[in-house]
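Let me begin by presenting the structure, written as structure tokens, before commenting on it.
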Amino acid sequence: MTTVQDWAAPNPVTQNRSGLIGKGVDRYEGPLKVTGTAAYAYEVTPPAAPAYGVMIPAAIATGRIVSTDTAAAEASPGVYAVWTHRNAPEQGRRGAKVHPRSTAPARPALESERVTHFGQIVALVLADTLENAQAGANLVRIGYEADPPDVELSDHLADAGQPPGEQDVEIGAFEAAFAEAPVTVDDTWSTPIQNHCQMEPCATLAWWEGERCIVHTSVQMVKPAQHGLAETLKIDRDAVHLLTRYIGGGFGGKGQTYDELTLAALGARALGRPVKVAFSRQQMMHGTVHRPATIQQVRLGAKPDGTLTAMSLMTTTHCQRDGHFTEHASNFARSLYAAPNRLTGHRLARLDLPHAGAMRAPGEASGMLSLECAMDELAEKLGMDPVELRIRNEPDTDPETGKPFSLRQLVRCMKEGAQMFGWERRLPRPGQVRDGRWLVGMGMSAAIRGNFLLPAKASFTVDALGVITVRQGMTDIGTGSYTVLAQIAAETLGVPLADVRVEIGDSELPPAPGSGGQFGAATAGSAALMAGVNLRKAISELAAGDPGSPLHGGPAADVVFQDGVIAIGNRSEKLADLIRRAAPEGLTADGEIRPAEDARNWSQHTYGAHFCEVGVDPVTGETRVRRMLGVFAAGRIINHKTARSQLTGGMIWGVASALTEGNAVDPRYGSLINQDLQSYLVPVQADIGDLEAIMLDEADDKANPMGIKGVGELGISGAGAAVANAIYNAVGVRVRDYPITPDKLLTAMVAAGR
Ligand code: MOS
């Protein structure tokens, strides 16, 4: 059994002999992407001309399909088949698992006449070309019997229940402490539905080789997708070969699979040729998952000196009627600030909306938008600086569990950030700073996000050219997995980066959990490190035992790996020479990581602090982010460049959450109103001013053998609250209904007489 103590010994990554670890290394697959030669699932070249599937989404939120008229479509040029629930091929029953060790159950498509959300896929047209499939789809007529949809979260504040298996967490006696507190904040925030808007919609290319189904698709986790498809197709798990080599964004939305995967596989089997099926941008909004809306009540009670005595964050959110996903927006508050009396929990309403699901920093991304603004309000009431208030309430140990922190540098993030940003120039009284027509303000927020390590495997091979090949069923959703794996391999085996190949995104490779929960680099990377260490050992022993090697006789433990050369003292040879002579077929070693047995003895998170300066146009209500700085403590950084991209990308999403992003529900149809990137406002380059992310130099020795942690979800956590607090500092009114669009801000300013 592994304990964190077993990770303490130096290893090639922590020794960083060639200095590759921490450097801003260019993306391994970057040249392929910018030259258009990285083949995404839909663009992979199949072994024969493919047929094309076009999916048809339901036009009602809830009810039944009562008629399907497919005759015109079936007679349309080039159309091979039209499937609805009436004639779809047989599939595994929803939720069923035949193979006991499958990591995901069956997810059948076109199951029944029942419609449970707008945009549910209800038919598929297969044709010889995309155009003919689309033309055929336009001729399909589906008749519905619609029930009135129940889609308003605010209707369910009183009757939303506990999420399954959960209870509120209360420490001390919150209500009594809050009632007695001399200074209090009690306010409610709301956050809207958000859509992932990955650049690459979900897409699959499938074909069959005898009894084996080959699928190229776009998913974050290889094994669950492979196993779930096998259960759906009712075939052996190993009869599905799933590949996901390049992925145009995931953000949690590709943490599960959707109907296009199932339908492409079924279509290819039925037609006996490759089939491509993709979601359109519009279909993505309803046919996949979204971040659900939340309504959050925050109550804070403090002594006049700023010491929190009572703290509560209660979140009401929603999921699909048959679902159970919960946006855990209150969870982060359990580890953030000291307060002896605490109450946190969630309420979940089942609505006739599409499926809610995980989206970048699920929980923190929504939840920090309330609590971190409430802290700003409390600081103002107390006449305290917001940074000072947070430092005053910094806990020594985890405030709920009492566990020691593995490493917590939140205060350092806030202090260094304040200094770098020029926080001392902020005027506490709002509405005091003008720059031309702009009212200017500054705001800040803390950031916290959990850190995880999951079991993973990897294998490394060195060949007769001295090239190291990394093999792992990991994914790269745009985050940099390819690159950090290459760096770890190069550093571990002492070869130049150019001599590393990385093969990931394939169900036949050693399994890794994939990308999600910002655990990717730590999890996949740690397994890679282990494979690298094991391969070093194998190479060292090979050299020590080879009479033809200058290293013959060892000691094997003293072999140094650098610049493609292996050496003991002044005896050396090229790694490639050894392999060519002594193991011409190459040498392979496997590696494996598991969470340490005692990992849960520590409270382990990543931390940061956001600082933001906005300008608000008091005539139009427009907010522009002028400057933003994030300072982060997330363990040892493997690649400064890709980590910085993750952090700034998260911060940009935070800006969007504060200012523009969100989807509105049409109560008549249970649909989301914004269905493209013209109306769903993700930020573009011109929306973002001067943005910087700084990473503290640290290593968390309780996290994994490399002391690294995740950065993919930390950047968004708290970022929007810093923007909202800056808006308040600029104009002196608070809008607690995100996003803070000009209409809401102007209305609030007029109401406040500003
Ligand atoms: Mo994530 S939102 O856990 O991929």
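Of the listed requirements (1) closer than 30 Å to Asp476 by Cβ; (2) open to solvent by 10 Å² or more (accessible area, probe 1.4 Å); (3) more than 35 Å from the chain's Cα centre (by Cα), Gly553 misses just one: (1). Name the one entry in Val625, Val619 that is open to solvent by 60 Å² or more (accessible area, probe 1.4 Å) and either out of contact with any Phe, Trp or Tyr (no Cβ under 9 Å at 6 or more places or on another chain) or in a helix (DSSP H, G or I) (or both). Result: Val619 is the single residue among Val625, Val619 that is open to solvent by 60 Å² or more (accessible area, probe 1.4 Å) and either out of contact with any Phe, Trp or Tyr (no Cβ under 9 Å at 6 or more places or on another chain) or in a helix (DSSP H, G or I) (or both). Just one of the listed residues (Leu535, Leu485) is under 18 Å from Val13 (Cα atoms), buried (at least 24 other Cβ atoms within 10 Å of the Cβ) and more than 28 Å from the chain's Cα centre (by Cα), and it is Leu535. Among the residues of the range 44-56, those identified as in contact (Cβ under 8 Å) with a residue 40 or more places away in the chain and over 18 Å from Asp259 (Cα atoms) are Val44, Pro46, Pro47, Ala48, Ala49, Pro50.
Which of the following residues is open to solvent by 30 Å² or more (accessible area, probe 1.4 Å), assigned to a strand (DSSP E or B) and touching a residue at least 24 places away in the same chain (Cβ under 8 Å): Arg342, Arg347, Arg334? Just one listed residue meets the conditions, Arg347.
Considering every residue within the range 48-59, establish whether at least one is modelled with pLDDT of 95 or more, open to solvent by 40 Å² or more (accessible area, probe 1.4 Å), outside any strand (DSSP E or B) and under 22 Å from Glu145 (Cα atoms). Reasoning before the result, please.
First pass over the range 48-59, keeping only residues modelled with pLDDT of 95 or more: 48-59.
From the residues that got through so far, the ones that are open to solvent by 40 Å² or more (accessible area, probe 1.4 Å) too are 48-49, 52, 57, 59.
Still in the list and also outside any strand (DSSP E or B): 48-49, 59.
Cutting the leftovers down to under 22 Å from Glu145 (Cα atoms) gives us 59.
Yes, there is a match, as at least one residue in the range 48-59 is modelled with pLDDT of 95 or more, open to solvent by 40 Å² or more (accessible area, probe 1.4 Å), outside any strand (DSSP E or B) and under 22 Å from Glu145 (Cα atoms).
Give the range 647-661 a look and list any residue that's in a loop (DSSP other than H, G, I, E, B) and surrounded by 23 or more Cβ atoms within 10 Å (Cβ to Cβ), or say none. Step through it out loud before you land on a result.
Residues of the range 647-661 in a loop (DSSP other than H, G, I, E, B): 660-661.
Listed by number, the list holds a single entry, Glu661.
Do we find that Ala225 is away from the ligand (no atom under 16 Å from the Cβ) and buried (at least 23 other Cβ atoms within 10 Å of the Cβ) in this structure? Spelling it out, it is not the case that Ala225 is away from the ligand (no atom under 16 Å from the Cβ) and buried (at least 23 other Cβ atoms within 10 Å of the Cβ).
Only one of Gln220, Gln256 is in a loop (DSSP other than H, G, I, E, B) and open to solvent by less than 10 Å² (accessible area, probe 1.4 Å); which?
On the way: Gln256 fails: open to solvent by less than 10 Å² (accessible area, probe 1.4 Å).
It is Gln220.
Is it the case that Gly63 is within 24 Å of Gly250 (Cα to Cα) and either touching a strand residue (DSSP E or B) at 6+ places or on another chain (Cβ under 6 Å) or surrounded by fewer than 20 Cβ atoms within 10 Å (Cβ to Cβ) (or both)? Show your work before the answer.
On the way: within 24 Å of Gly250 (Cα to Cα): no; either touching a strand residue (DSSP E or B) at 6+ places or on another chain (Cβ under 6 Å) or surrounded by fewer than 20 Cβ atoms within 10 Å (Cβ to Cβ) (or both): yes.
No; evaluated as a whole, the condition is false for this residue.
Every test in (1) touching a residue at least 60 places away in the same chain (Cβ under 8 Å); (2) within 16 Å of the ligand (Cβ to nearest atom) is passed by Val298 save one, and that test is (2). Working only within the range 1-27, note down all residues that are open to solvent by 80 Å² or more (accessible area, probe 1.4 Å), in contact (Cβ under 8 Å) with a residue 60 or more places away in the chain and in a loop (DSSP other than H, G, I, E, B). Selection gives Met1, Arg17, Lys23, Asp26.
Residue by residue, here is whether (1) touching a strand residue (DSSP E or B) at 6+ places or on another chain (Cβ under 7 Å); (2) under 18 Å from Thr648 (Cα atoms) holds:
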{"residue": "Tyr680", "(1), (2)": "yes, no"}
{"residue": "Ile694", "(1), (2)": "yes, yes"}
{"residue": "Ala703", "(1), (2)": "yes, no"}
{"residue": "Ala719", "(1), (2)": "yes, yes"}
{"residue": "Lys744", "(1), (2)": "yes, no"}
{"residue": "Met749", "(1), (2)": "no, no"}
{"residue": "Arg754", "(1), (2)": "no, no"}
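Within the range 597-627, which residues are charged (D, E, K, R) and either more than 26 Å from Gln646 (Cα to Cα) or without any contact (Cβ under 8 Å) to a residue 24 or more places away in the chain (or both)? Across the range 597-627, the qualifying residues are Glu597, Asp598, Arg600, Asp617, Glu622. If you go through the range 197-217 and keep only what is open to solvent by 10 Å² or more (accessible area, probe 1.4 Å) and in a loop (DSSP other than H, G, I, E, B), you end up with Cys197, Met199, Glu200, Pro201, Gly210, Glu211.
Being touching a Phe, Trp or Tyr at 6+ places or on another chain (Cβ under 9 Å), open to solvent by 10 Å² or more (accessible area, probe 1.4 Å) and outside any helix (DSSP H, G or I) is the requirement here; does Ile295 meet it? Against the criterion (touching a Phe, Trp or Tyr at 6+ places or on another chain (Cβ under 9 Å), open to solvent by 10 Å² or more (accessible area, probe 1.4 Å) and outside any helix (DSSP H, G or I)), Ile295 qualifies.
Checking the stated criteria, Leu243 turns out to be in contact (Cβ under 8 Å) with a residue 12 or more places away in the chain, surrounded by fewer than 24 Cβ atoms within 10 Å (Cβ to Cβ), within 21 Å of Gln472 (Cα to Cα) and away from the ligand (no atom under 16 Å from the Cβ). Cβ-Cβ distances below 7 Å connect the following pairs, each with a first residue in the range 146-175 that is closer than 11 Å to His318 by Cα and assigned to a loop (DSSP other than H, G, I, E, B), a second residue that is small (Gly, Ala, Ser) and modelled with pLDDT of 95 or more, and a separation of six or more residues or different chains: Val151/Ala61; Val151/Gly670; Ala160/Ala349.
So that you can scan it fast, the table gives a plain yes or no per residue for (1) open to solvent by less than 20 Å² (accessible area, probe 1.4 Å); (2) more than 16 Å from the ligand (Cβ to nearest atom):
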| position | (1), (2) |
| --- | --- |
| Gln419 | no, yes |
| Gly441 | yes, yes |
| Leu493 | yes, yes |
| Ala498 | no, yes |
| Gly505 | yes, no |
| Pro510 | no, yes |
| Gly514 | yes, no |
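If you check Glu380, Glu372, Glu388, which single one turns out to be within 24 Å of the chain's Cα centre (by Cα), within 21 Å of Glu424 (Cβ to Cβ) and more than 16 Å from the ligand (Cβ to nearest atom)? Working first, answer last.
Values: Glu380 fails: within 24 Å of the chain's Cα centre (by Cα); Glu388 fails: within 24 Å of the chain's Cα centre (by Cα).
Checking each option against the conditions leaves just Glu372.
Give me the residue from the range 246-286 that is within 16 Å of the ligand (Cβ to nearest atom) and β-branched (Val, Ile, Thr) and, out of that set, nearest to Ala106 (Cα to Cα). By that ranking, first place goes to Thr257.
Looking at the range 224-245, which of the residues that are within 17 Å of the chain's Cα centre (by Cα) and not in a loop (DSSP other than H, G, I, E, B) is farthest from Glu90 (Cα to Cα)? Break it down stepwise before answering.
Taking the range 224-245 first, the residues within 17 Å of the chain's Cα centre (by Cα) are 224-225, 244.
Pick out the ones that are also not in a loop (DSSP other than H, G, I, E, B) and you get 224-225.
On the way: Pro224: 21, Ala225: 19 Å.
Among those residues, the one meeting the criterion is Pro224.
Evaluated against (1) open to solvent by 70 Å² or more (accessible area, probe 1.4 Å); (2) part of a loop (DSSP other than H, G, I, E, B); (3) modelled with pLDDT under 95, Glu90 falls short on exactly one condition, (3). Filter the range 354-363 down to residues that are over 14 Å from Thr288 (Cβ atoms), open to solvent by less than 10 Å² (accessible area, probe 1.4 Å) and near the ligand (Cβ under 9 Å from one of its atoms), then give me how many there are. Of the residues in that region, 1 qualify.
When Arg644 is tested against (1) within 30 Å of Lys415 (Cβ to Cβ); (2) assigned to a strand (DSSP E or B), only condition (2) is not met. Only one of the numbered conditions (1) touching a helix residue (DSSP H, G or I) at 6+ places or on another chain (Cβ under 6 Å); (2) in contact (Cβ under 8 Å) with a residue 40 or more places away in the chain; (3) open to solvent by 10 Å² or more (accessible area, probe 1.4 Å) is violated by Ala329, and that is (3). Taking (1) within 16 Å of the ligand (Cβ to nearest atom); (2) closer than 30 Å to Val750 by Cβ; (3) not in a helix (DSSP H, G or I) in turn, Ser366 satisfies each apart from (3).
The values are calculated or read from the model by the stated rules, or taken from the named source; none is laboratory data. Quick caveat, the model's predicted, so the values are computed rather than measured. Quick reminder, even Gly has a Cβ in these numbers, built from the backbone with ideal geometry, and neighbours come from all protein chains shown. Each accessible area value is taken on the protein alone, full model and side chains, heavy atoms only, with ligands, DNA and RNA left out. Shrake-Rupley method; radii C 1.70, N 1.55, O 1.52, S 1.80 Å.
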